Structure formats: C-alpha cells, structure tokens
Amino acid sequence: MRTRISTHTGTQPNTRTDPLATVRNLGILAHVDAGKTTVTERILYATGTTHKRGEVHDGTTVTDFDPQERDRGITIFAAAVSCAWAGHRINLIDTPGHVDFADEVERSLRVLDGAVAVFDAVAGVEPQSESVWRQADRHGVPRIAFVNKMDRAGADLDTAVASIRERLHPAPLVVQLPIGAEDGFTGVVDLLRLRALVWTDGAHAAEEGPVPDTLREEALRRRRLLEEAVAERHPAALEEFCDRETLTAATLTAALRDLTRTGDGVVVLCGSAYRDRGVEPLLDAVVTYLPSPLDVPPVHGTHEGTEQERTADPAAPMAALAFKVSVTPTGRLTYLRVYSGTIGKGDTVWDARTRRTERVGRILRVRADRHDPLERAVAGDIVAVVGLKSARAGSTLCAPDAPLLLEPPGVAEPVVHVAVEARRSTDTDRLASALARLTEEDPSLAVRTDPETGQTVLSGMGELHLEVAAERVRREHGLEVTVGRPGVAYRETVGEGVTGFVHRHVKQDGGAGQFAHVVLDVEPWEEDSGGGGFVFRSTVVGGRVPQEYVRAVEAGCRDALAEGPLGGHPVTGLRVTLTDGQTHVKDSSDTAFRTAGRFGLRDALRASEMVLLEPVVEVTVAVPEDGVGGVLGDLAARRGRVTGSDTRGGAAVVTATVPLAELFGYATRLRSRTQGRGTFTARPTGYAPAPANAVPTR
Ligand SMILES: Nc1nc2c(ncn2[C@@H]2O[C@H](COP(=O)(O)OP(=O)(O)OP(=O)(O)O)[C@@H](O)[C@H]2O)c(=O)[nH]1
Ligand SMILES: [Mg+2]
C-alpha cells in the first residue's frame, strides 16, 4: 500500500477523550458530472481502502456499482462507504447529481454532519449545484468546496470562485493557489502553511516543497486576502489581526473551522480528481474543518406528542434513522445513522413507523469491496444492518423501552407517471411484487392502479427515474414489461372562488340520523403557508358550530382536496372559511360534519372557476454557438419561455421555463440535433396554469 502524507494543520478537539470526535459523516454533493464519484473513488484510493483507481467511464468505480450506473455512467443511488484518514473514520456518502434523484440526496443530507460540494472548474456553479446547495442549507449541513477538473481546457479557479460568491455564498475562503493551469496543472500552494504540493503522474503521493519563486509573491498576496477575509468574519481572528497585522496558520485553521461550522464562510480547495491531484489536502480539510457528530446539535424527535432531545451519547437510549434500504446478495441492508445510544447485534428494536419490534441481525461497516462485521454501533456512526424486515428509508428505530419518532426526510410528490404492464398476463403478480420491492427501496416511487383503466401506474420524479425503475424490473426480476408514454401529474387550483356556499347534509329517515349544515367561502390562496397549499379557518361566532365539528369540517375539506372538478387532480392553493353552520341536538356528529365538509367543498369547487396547473421546469441548455437557433426554435415549439442566455467556456447557455409535459424525449432530441454536443439540465420550479386546450383527465 502506498503511504500518503497528511498535510493537515492544527489540532483536533477531544480526539483523545472521545472517539466520536474522530468520526466524519460526509456527503459528496454536486451537479451531475462534476466528478463526485471520481472524487469518492480517489478518496478510497488515497485512504488505502482500495488499491486501484476505478473510472466512471470504465464502469469500475466502487460506488457506482449498479449495472445501470455503470452502463449510463451516472450515479443513481447514494452509496455509503467507510474509510480512514489521519486517525479519523470517514463515513462517506456519494450522491447522485441528476435532478430525478434529488430525493436520494435529501435522504442522505438528513444524516450527514458535513459535505464536500464539488464544482467543475470550467462550468463553475451549475443549476443542480445550486439546488443541492440550498438543500444542504435547509438541513444546516456545513460544507467545504472542491473545485474539480482543474486539468480541463478553460479551467479557472478564480472564475469558479466568483460564481460561488455570486450564486451560493458571499464568503468563499480560498486556501490554495493552483500551480500550473489546464493540462499543466500539477499542484497547489497551501496558503496556510505556505508550502507547495506537487503531483506527478504515476507517483504515489504529493511531493512537498517550498513555494516556487515565480508564485511566491502571488501566494503571499492571496494569503493576505485570506487573512483579511477571515478577520472580517471572526472576532478572535480580528483581534489578533489588529494586534499583529497578520494571522498565524493555527489561528487561521481554528477560525476557518468555526466559520465552516457556523456557515459564515466556505473553505475552497481545488484539484483534479481524475488526475488524482488535490485529494489528500481535501481529506485533510474534511477532518480539520468539518464537524464530528459531537459538534452538531442534538437530534429532536417526538413521542406521543411530546418533543424529546437526544444527544450523541452512547449511553443514552438508542435512536437511529434508516436512510436507505438496498436489497443485495448479502441480504436486505438497512443503512442507519445512529443518533444516540448503542445498537448491538441481536438487539430488539422498535420501529416507530410500523409500531412493531424488529430484530437486528448482523451489523456491518461497509467498505469498498467488503463488509466488516461489527458487534455494535454507537451514537454518531453510520452502519448497515442486516435482518430488519420492515424498516424503510425514513423509519426511526429505537430502544423498545424509550420509543421516539425522528422526523423523517420529506418525500417529494411524484410528478411523472407511466403505465406499466407485464408482457405475459401470467407475470402480473410478479410485476406487482417487483414494483413493491422497488418502492420499498425508493420512497420517491409510487405505484397505484388506475381505477378507470385498471392499469398499473408507476409515478416518480422524472423520465429518467421511471426509465431506470422499469429497467430494474427487467434486469433484476427478469420480467418483460411494456411501458406506456409518460404523463405529468396535474393539479387544480381556484381561479375565482365562491362565498356563502351552503351545503346541508341531512339524513333523518328513522334510526340514528345525520345532520350538518355548513356555509363555506372558497378563495385562491398563495402557497406560502407551508400547509400544502391549503388553509382552513373558521369565523363562526356564538358557538353555532362547536369546535370539534369545526375540526371535522376541516378534515372533510381535506378529503375533498384529493380530487378536483376539472379532471380529478389534487387541489391546491386555496383558503376555505367556514362562516356559518347549524347543528341538531341529536343527529349531529363528527361523521356528519366531516361528510358535510367533504361534499360541501366538492360542490363549492364545482361552482368555482377552477384552473388546471401543470408542473414546470427550468431548463439550462448548453450548445455550441452555431446550434443556438435550433435550440430556441425547439424550445418555443415546446411552449418554452426563454429567461436568459449567456456564453460559458465557448458554449451558448440558454435558460428557459418549459412545461414538463413538453420535455419528454428532449434529451434524445437535443443529442441528435447537436451531434451529441448539447447538454441540458432541468430543475423543477413548481406549477403554472396549463392552457385551456390541455385539459386532460387522469
Ligand atoms: N478532466 C477531468 N475529468 C474528470 C475529473 N473528475 C471527473 N472527471 C470526469 O467527469 C465525468 C463525470 O465524473 P463522475 O465522477 O461520474 O461525476 P459525478 O459527479 O459522480 O456524476 P453523477 O453522479 O452522474 O452526478 C467522468 O467522465 C469523469 O472521468 C477531473 O478532475 N478532470
Ligand atoms: Mg456520481
């Protein structure tokens, strides 16, 4: 095994007193193709976890192990592997960059303590880098940035950093100066230690030496800029800077660590993962700047309505969150982040979702090519467990005598669906169980039977997502299936509502009667309340409708939102006000008011002016300049609205808002129109009114 030098400066807190301080739960995040899997691969190589460098284009990487990932050259499933560096254990999750798999990223972010955001040194911040950055912001995950592909023609660290500053974070703190450019990129100057690290092809590790004379002045200038930027944001550093007019490497390190953890600054490094340059300093930065499980706030959960807090203490009651389920030859692996307590082999645990106990079979530390069995895993760790039958991504597992429900990661609403049918009718049952297996592993897939056609309908996040799912049914289950044309999930909203809409639900023909009168106002409502686009209130005075019946009316209204009058689509973006009502001493009940709410709102929506909404995405298309005309024409034909155009690295970049329904097959079309040189990415931006002639039914 080759030996690598570790270049990290500064000391780690508590390393001797608590082994948890040496754990890093790390995610690799970025836009599609920025090089996450290659970075991961080089990390595994640098840490001695693997002994050869795998390549995405050869299908030989550790984390893109699924046959479809290897064929398509993209990451589809987040993969977790553990490795060791400078006395630390790094549990690393390589995430997919394609927007269709954003839910996989979301679930990973839920369990991470820190992340490396990877950027392409030519393209800078790309649309999906921006989306995952915002996702990480929402989860409060501290990040460092790695500007990758410094070897590419047109690579430029300063431009990439400028795009980070402009689009993601006001304080990128660059700690390296590249040595050489593009094909001649050979190393970096470490601005903290003012030493040069140079990599030569075929060599085992970086060679460390003095800063080359030609770069000395520039390195000192940039060191100065770094000191100023840090002092400006860190009070203790500012004090030292004012006293001594400079900052020591140790002060810089400590301040950068603080700024990373509070999110007030983002440390930026650079390199070329493909050429294996810049990986060791990145690992050093991970262990130096990113937090350990001890440094992050305690996790919160609920039990029977009361909120509870759990700290990363191995002696506390056990609580863990499952973030991934994967059915492998080793068995059904459930990946867990343990938040508190200790989970042991053979333990009985409580699944807060199913409200049942399960037994932990084996516990595994997942390494590149093997799984190491563990007797137990403690708070702060990420491990895989064999033997759990019902746990899903998002399930809380906890000690049976200390039940707790951790908030599961949100699941995005599927926006695209296809009808799936087994070629042979005798395979229908097998198809159903294959699809059930897929949804078990991937909560962003959903299966239902269309009540009108009886067809099996699979829904998910996008065309690619469903294509991958159908292909898994074929490959992994050996089933021949036909897949229909994709369709999008429409919604309905209120254009103009109604006021004083009266609904009477009365059944008094002997026996126990039902009596509920409601009067409803319905109006359009902007979706900003976080309540799924539906707001309910009551303005009833004088106790004419008792509180419990008001709640029943609300529940009934929610029932009615499932199917709107235009085509049976979910209804969103409205406020319903219960303005009046009437009860009957004997015959009123929760059920009667719930029914009145349901049919009252259904009829009120029928009487309202409704608007059909369709999912809309923002596409960013990059093509050689001579292809722009064709792209614009094509986008216009797809009801696209161009919102911007730019040039980047010799290519024209067009952004446009396009209805998702018009985008099916676009990837293939663009490739053939541009002889494979055009690329595009799409980012969901929500829903917009669909033209009147597009009124579809489900
Ligand atoms: N020139 C150059 N190419 C690189 C570098 N790093 C990665 N690549 C190439 O870029 C392509 C994409 O790399 P991946 O590692 O698959 O990127 P990714 O971010 O994991 O992609 P997704 O998982 O599909 O989002 C591959 O062909 C890599 O060989 C680099 O440093 N320099
Ligand atoms: Mg990848």
| When A312 is evaluated against the numbered criteria (1) under 30 Å from E55 (Cα atoms); (2) buried (at least 22 other Cβ atoms within 10 Å of the Cβ); (3) out of contact with any strand residue (DSSP E or B) (no Cβ under 6 Å at 6 or more places or on another chain), which criterion, by number, is the only one it fails? | (1)
| field | Set D201, D264, D284: member being in contact (Cβ under 8 Å) with a residue 60 or more places away in the chain, in contact with a helix residue (DSSP H, G or I) (Cβ under 7 Å, 6 or more places away or on another chain) and acidic (D, E) | value | D264
| task | Please enumerate the residues belonging to the range 76-96 that are within 14 Å of ligand 2 (Cβ to nearest atom) and farther than 15 Å from E471 by Cα. | result | A78, A79, A80, V81, L92, I93, D94, T95, P96
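For the range 248-258, state whether one or more residues are assigned to a helix (DSSP H, G or I) and of a type in the set (D, E, K, R).
Checking the range 248-258: at least one residue is assigned to a helix (DSSP H, G or I) and of a type in the set (D, E, K, R).
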| query | Of all residues in the range 502-530, which are under 45 Å from the mean Cα position of the chain (by Cα) and either among the aromatic types (F, W, Y) or at pLDDT below 85 (or both)? | reply | W525, E526, E527, D528, S529, G530
| Is at least one residue of the range 477-498 polar (S, T, N, Q) and part of a strand (DSSP E or B)? | yes
| How many of the residues making up the range 135-149 are in a loop (DSSP other than H, G, I, E, B) and buried (at least 20 other Cβ atoms within 10 Å of the Cβ)? | 3
| query | How do the strands (runs of 3 or more DSSP E) wholly within the range 581-698 filter down when requiring 2 or more residues that are more than 32 Å from the chain's Cα centre (by Cα): which remain? | reply | 609-624
| said: Given the options R648, R639, name the one that is charged (D, E, K, R) and on the phi > 0 side of the Ramachandran plot. | reply: R639
| So which of A562, A604 is surrounded by fewer than 19 Cβ atoms within 10 Å (Cβ to Cβ) and closer than 16 Å to F536 by Cβ? | A562
| request: Taking the residues in the range 91-116 that are away from ligand 1 (no atom under 11 Å from the Cβ) and not in a helix (DSSP H, G or I) as candidates, determine which candidate is nearest to G73 (Cα to Cα). | output: I93
| Taking only pairs six or more apart or across chains, which ones have beta-carbon atoms under 7 Å, a first residue in the range 32-44 that is farther than 19 Å from T681 by Cα and of a type outside the set (F, W, Y), and a second residue that is part of a loop (DSSP other than H, G, I, E, B) and within 6 Å of ligand 1 (Cβ to nearest atom)? | T38/V56; T38/A273; T38/Y274; V39/A273; R42/A273
| The listed residue being at positive phi and either β-branched (V, I, T) or in contact (Cβ under 8 Å) with a residue 60 or more places away in the chain (or both), out of G331, G346, G394 | G394
| field | Checklist (1) away from ligand 2 (no atom under 16 Å from the Cβ); (2) in a helix (DSSP H, G or I); (3) surrounded by 22 or more Cβ atoms within 10 Å (Cβ to Cβ) applied to S129, failing item | value | (1)
| query | Do you know which residues across the range 1-53 are among the aliphatic types (A, V, I, L, M), assigned to a loop (DSSP other than H, G, I, E, B) and either modelled with pLDDT of 90 or more or more than 16 Å from ligand 2 (Cβ to nearest atom) (or both)? | reply | M1, I5, A30, A34
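Being modelled with pLDDT of 90 or more and out of contact with any Asp or Glu (no Cβ under 8 Å at 6 or more places or on another chain) is the filter; apply it to the range 71-84 and report the residue that is farthest from ligand 1 (Cβ to nearest atom).
So, considering only residues that are modelled with pLDDT of 90 or more and out of contact with any Asp or Glu (no Cβ under 8 Å at 6 or more places or on another chain), the one farthest from ligand 1 (Cβ to nearest atom) is A84.
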| Within the group P170, P127, P142, which residue is more than 16 Å from ligand 1 (Cβ to nearest atom) and under 30 Å from G394 (Cβ atoms)? | P142
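Can you tell me which residue among R337, R332, R365, R353 is closer than 28 Å to R472 by Cβ and surrounded by fewer than 17 Cβ atoms within 10 Å (Cβ to Cβ)?
R353
Condition check ((1) under 27 Å from the mean Cα position of the chain (by Cα); (2) of a type outside the set (F, W, Y); (3) part of a helix (DSSP H, G or I); (4) within 22 Å of F323 (Cα to Cα)) across all residues:
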| site | (1), (2), (3), (4) |
| --- | --- |
| P409 | yes, yes, no, yes |
| D429 | no, yes, yes, no |
| A434 | yes, yes, yes, yes |
| S444 | yes, yes, no, yes |
| P451 | no, yes, no, no |
| H465 | yes, yes, yes, yes |
| field | Test result for R430, surrounded by fewer than 18 Cβ atoms within 10 Å (Cβ to Cβ), in contact with a His (Cβ under 9 Å, 6 or more places away or on another chain) and in contact (Cβ under 8 Å) with a residue 24 or more places away in the chain | value | yes
| remark: Residue hits (the range 338-375; small (G, A, S) and either closer than 12 Å to A399 by Cβ or touching a Gly at 6+ places or on another chain (Cβ under 7 Å) (or both)) are S340, G341, G344, A352, G361
| remark: Considering the range 31-70, residues that are within 11 Å of ligand 1 (Cβ to nearest atom) and at positive phi, and then whichever is surrounded by the fewest Cβ atoms within 10 Å (Cβ to Cβ), we arrive at G59
| request: Please work out if G454 is out of contact with any strand residue (DSSP E or B) (no Cβ under 8 Å at 6 or more places or on another chain), small (G, A, S) and either surrounded by fewer than 18 Cβ atoms within 10 Å (Cβ to Cβ) or more than 21 Å from P615 (Cα to Cα) (or both). | output: yes
| request: Please indicate, with yes or no, whether at least one residue in the range 150-166 is polar (S, T, N, Q), more than 10 Å from ligand 1 (Cβ to nearest atom), more than 25 Å from V296 (Cβ to Cβ) and not in a strand (DSSP E or B). | output: yes
| query | Pick from G581, G533: which is surrounded by 19 or more Cβ atoms within 10 Å (Cβ to Cβ) and at pLDDT below 90? | reply | G533
| request: Would you please list the contacts, defined by Cβ atoms under 8 Å and residues six or more apart or on different chains, that run from a residue in the range 61-75 that is assigned to a helix (DSSP H, G or I) to a residue that is within 11 Å of ligand 2 (Cβ to nearest atom) and of a type in the set (F, W, Y)? | output: E69/F77
| task | Report, by residue number, each residue of the range 196-211 that is out of contact with any Ser or Thr (no Cβ under 8 Å at 6 or more places or on another chain) and surrounded by 14 or more Cβ atoms within 10 Å (Cβ to Cβ). | result | A196, V211
| message | Between D151, D113, D137, D103, which is more than 14 Å from ligand 2 (Cβ to nearest atom) and at pLDDT below 90? | response | D103
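The values are calculated or read from the model by the stated rules, or taken from the named source; none is laboratory data. Small disclaimer: the values here were computed from a predicted structure and weren't measured. Don't worry about glycine lacking a Cβ; one is built from the backbone with ideal geometry, like all the others, and counts go over all protein chains shown.
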